[in-house]
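Below is one structure, written out as structure tokens; comments come after it.
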């Protein structure tokens, strides 16, 4: 068929056959070659004549892959030819040869054909599409050609063979066979409405006949008669046989009914004809409230009924059902309920208990054992009440050393000493307080409210002063004696920042040592070191350069030389052999080797400005390609067309198959390429540095459609700390820099800061 599909229906357009030139002026030898090519094409067509490659008169159409189940016919509206239900065959090097049925076709520039394949699917490659020669509009099939005689043996079941035939999906019945084997709606097989009922298995009843039959049976056995209320009873006996057995349902009583002592209810005007109705068996003096329903049964006596049951309201049944658990609980506790009932009368203890305020709170506390704990520790509670009091003036009775009282006038906690009441804490409550002032030109005194509105208050001289981050020396650079102001030795410049850190102190009550009856001090305080108090009976305090140490028996103290030192630090004792004491301000420290002592600069005051920031990183991502039912797709981390989270500032390196270049776009249709921060490293690798404010992106294959997905570009959370210091006074921190810090610490030099895995700040010295 390879040759015939290329022939034109316009004779003049056929200038070659099988590659043989047959145009005007051709070589005479080409005639026999052309005939040979034509006969070869005809022979090839007949070898597979049930399939054709359709063309429009000038060669075959061009086919293109769309998906595993779709292809296009380029530039032609051939939907009537490629119609639903027609069989097609596709051939390709990877596709192989597959056969299917057209599901639908549509035209827009090209004709798109959707196919349900018997097996397999189309691959993205050059394809040849064949169409079955039979179509739904084929008029060439002769009429009457398809008859019972022409059907294959066993396909048709006639009247003579239907009774022995086993049902299957490969044969059809003739009309006579169908009539004989299956139901036929005529008088011979049907019971219609009005016909005499038959119990024969050879007949089928119509719905009308079934309804009539049911009515007849119900009329024979009695039934169920609903009425609206107690004055709507029928005038005649509702039972079909005028006897017992029919239930009359009263939907809802309009008024309450009460039985007499014999259990009889009499209803005047109970029937629709205003006759009296009698209901027996209701129970002596039984009452039935309005709104409830009743079920009663007919008797052989007209207008006389027997009580069956009370029908409650649906809403009340629902209410009871919703409280089934509580009802069951009440049933299981009838003894307790009766006990409670016995406390209502005659004593009415329950009413008395209910009148106690705070009872609910007490019950809640006892559920956790608090009430019992209080009862067990009542003496301690009473003692605490005597030890701690709250008043506007100092207590004057029941005073013991160590008693506490909160002065509501001064808002201050005080402790009782042998000399009377004294403050139990500092003016800043034993903590630290921070103040900050911005200086005016030449300002020396700082007091009152700071920049945050906090009034300066400190325990002199427990306050540190920092001018522009540099610690001032108390008594030299600044005077700190008043407790509510600081005075600089030299006036500050306009805009200078003065930071103050105040430390609280405590006034602890004096305790006489004789009151200490346990622990390390068994007697009075130790003014000397006599033998009786663990000493050595020393009569002097030793000689120069000696130290106080524990004696060899570990039962006293003694003065002695430092072992091996001879009273000094020499080279033989691990020192450095220093002949001087260093320079002013230096301290004695262990050397870097940890083998000796040396003089070195001590740590100085330092200001640490702390800022949180995001520390970008580089992430490598592997991209693979897999074939799915709808074509090739990108897979990342095993997920098809995964939605990516590309954080601003990070660098992402994507490695991909060379046949499927990985690129970025600003729209889902991938028409606007995104190149900001994007570098194509090679045929298998692309890098993107996500810019600040980057839009939502879409990744795609630049060679094939429908493979990619979405890439969000969120702003990351801060994950690192940046530290700025005064570098032991060598560097200055400007006011602008200072205000930009997330936090500021004032400490000695030598600290380093980091964040742990939980995001907490770690300080290391």
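The values are calculated or read from the model by the stated rules, or taken from the named source; none is laboratory data. Being a predicted model, the structure only gives us computed values, none of them experimental. Here Cβ is always computed from backbone atoms with ideal geometry, including for glycine, and neighbour counts include all displayed protein chains.
With the structure loaded, tell me whether residue 472 is surrounded by 14 or more Cβ atoms within 10 Å (Cβ to Cβ), in contact with a strand residue (DSSP E or B) (Cβ under 6 Å, 6 or more places away or on another chain), without any contact (Cβ under 8 Å) to a residue 60 or more places away in the chain and under 24 Å from residue 610 (Cβ atoms) or whether it fails that test. Against the criterion (surrounded by 14 or more Cβ atoms within 10 Å (Cβ to Cβ), in contact with a strand residue (DSSP E or B) (Cβ under 6 Å, 6 or more places away or on another chain), without any contact (Cβ under 8 Å) to a residue 60 or more places away in the chain and under 24 Å from residue 610 (Cβ atoms)), residue 472 qualifies.
Yes/no matrix, rows are residues, columns are (1) under 30 Å from the mean Cα position of the chain (by Cα); (2) within 30 Å of residue 65 (Cα to Cα); (3) in contact (Cβ under 8 Å) with a residue 40 or more places away in the chain:
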{"position": "696", "(1), (2), (3)": "yes, no, no"}
{"position": "699", "(1), (2), (3)": "yes, yes, yes"}
{"position": "705", "(1), (2), (3)": "no, yes, no"}
{"position": "709", "(1), (2), (3)": "yes, yes, yes"}
{"position": "714", "(1), (2), (3)": "yes, no, yes"}
{"position": "719", "(1), (2), (3)": "yes, no, yes"}
{"position": "722", "(1), (2), (3)": "no, no, yes"}
{"position": "733", "(1), (2), (3)": "no, no, yes"}
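For the stretch 85-111, the set of residues classified as more than 19 Å from residue 136 (Cα to Cα), without any contact (Cβ under 8 Å) to a residue 24 or more places away in the chain and within 46 Å of the chain's Cα centre (by Cα) consists of 108 only.
Among the residues of the stretch 267-284, is any part of a loop (DSSP other than H, G, I, E, B), under 30 Å from residue 193 (Cβ atoms) and touching a residue at least 40 places away in the same chain (Cβ under 8 Å)? Can you show your working first?
Within the stretch 267-284, the first condition is being part of a loop (DSSP other than H, G, I, E, B), and the residues that meet it are 268-270, 272-276, 281-284.
Going one step further and asking which of them are under 30 Å from residue 193 (Cβ atoms), we end up with none.
No, every residue in the stretch 267-284 fails to be part of a loop (DSSP other than H, G, I, E, B), under 30 Å from residue 193 (Cβ atoms) and touching a residue at least 40 places away in the same chain (Cβ under 8 Å).
From the list 604, 630, 624, 617, pick out the single residue that is farther than 30 Å from residue 547 by Cβ and at pLDDT 95 or above. Don't jump to the end; show me each part of the working.
On the way: 604 fails: at pLDDT 95 or above; 630 fails: at pLDDT 95 or above; 617 fails: at pLDDT 95 or above.
Only one candidate passes the filter, namely 624.
Here is a check on your reading of the model: is residue 754 surrounded by 12 or more Cβ atoms within 10 Å (Cβ to Cβ), in contact with a strand residue (DSSP E or B) (Cβ under 9 Å, 6 or more places away or on another chain), without any contact (Cβ under 8 Å) to a residue 40 or more places away in the chain and not assigned by TED's automatic domain parsing to the domain that holds residue 641? In short, yes.
Just checking, which of 201, 168 is in a loop (DSSP other than H, G, I, E, B) and modelled with pLDDT of 80 or more?
Details: 201 fails: modelled with pLDDT of 80 or more.
Among 201, 168, only 168 is in a loop (DSSP other than H, G, I, E, B) and modelled with pLDDT of 80 or more.
Taken over the stretch 171-192, the criterion of being in a loop (DSSP other than H, G, I, E, B) and modelled with pLDDT of 80 or more is satisfied by 171, 174, 192. Within the stretch 491-510, is even one residue loosely packed, with under 15 Cβ neighbours inside 10 Å, modelled with pLDDT of 90 or more and within 51 Å of the chain's Cα centre (by Cα)? Yes, the stretch 491-510 contains at least one residue that is loosely packed, with under 15 Cβ neighbours inside 10 Å, modelled with pLDDT of 90 or more and within 51 Å of the chain's Cα centre (by Cα).
Look at residue 724 and say whether it is modelled with pLDDT under 95 and assigned by TED's automatic domain parsing to the domain that holds residue 760.
Working: modelled with pLDDT under 95: yes; assigned by TED's automatic domain parsing to the domain that holds residue 760: yes.
Answer is yes for this residue.
The number of residues in the stretch 38-58 that are modelled with pLDDT under 70 and either surrounded by fewer than 16 Cβ atoms within 10 Å (Cβ to Cβ) or more than 60 Å from the chain's Cα centre (by Cα) (or both) comes to 13. Which of the residues spanning the stretch 226-266 are part of a strand (DSSP E or B), surrounded by fewer than 18 Cβ atoms within 10 Å (Cβ to Cβ) and over 60 Å from the mean Cα position of the chain (by Cα)? Across the stretch 226-266, the qualifying residues are 258, 266.
Residues in the stretch 288-340 that are over 50 Å from the mean Cα position of the chain (by Cα) and loosely packed, with under 11 Cβ neighbours inside 10 Å: 309, 338, 339.
Residues of the stretch 112-121 include at least one that is in contact (Cβ under 8 Å) with a residue 60 or more places away in the chain, surrounded by 13 or more Cβ atoms within 10 Å (Cβ to Cβ) and within 50 Å of the chain's Cα centre (by Cα). The condition of being within 19 Å of residue 650 (Cβ to Cβ) and in a loop (DSSP other than H, G, I, E, B) holds for only one of 711, 717, 730, that being 717.
Pairs meeting the criteria (first residue in the stretch 196-222 and at negative phi and outside the structural domain of residue 242 (by TED's automatic domain parsing), second residue modelled with pLDDT of 80 or more and assigned to a helix (DSSP H, G or I), beta carbons under 8 Å, at least 6 apart or on different chains) are 197/209. For the stretch 403-435, a residue qualifies if it is at pLDDT 75 or above, surrounded by 12 or more Cβ atoms within 10 Å (Cβ to Cβ) and part of a loop (DSSP other than H, G, I, E, B), and exactly one does: 403.
So for the stretch 127-149 (the condition being modelled with pLDDT of 85 or more, surrounded by 10 or more Cβ atoms within 10 Å (Cβ to Cβ), in a loop (DSSP other than H, G, I, E, B) and touching a strand residue (DSSP E or B) at 6+ places or on another chain (Cβ under 8 Å)), does at least one residue qualify? Within the stretch 127-149, one or more residues are modelled with pLDDT of 85 or more, surrounded by 10 or more Cβ atoms within 10 Å (Cβ to Cβ), in a loop (DSSP other than H, G, I, E, B) and touching a strand residue (DSSP E or B) at 6+ places or on another chain (Cβ under 8 Å).
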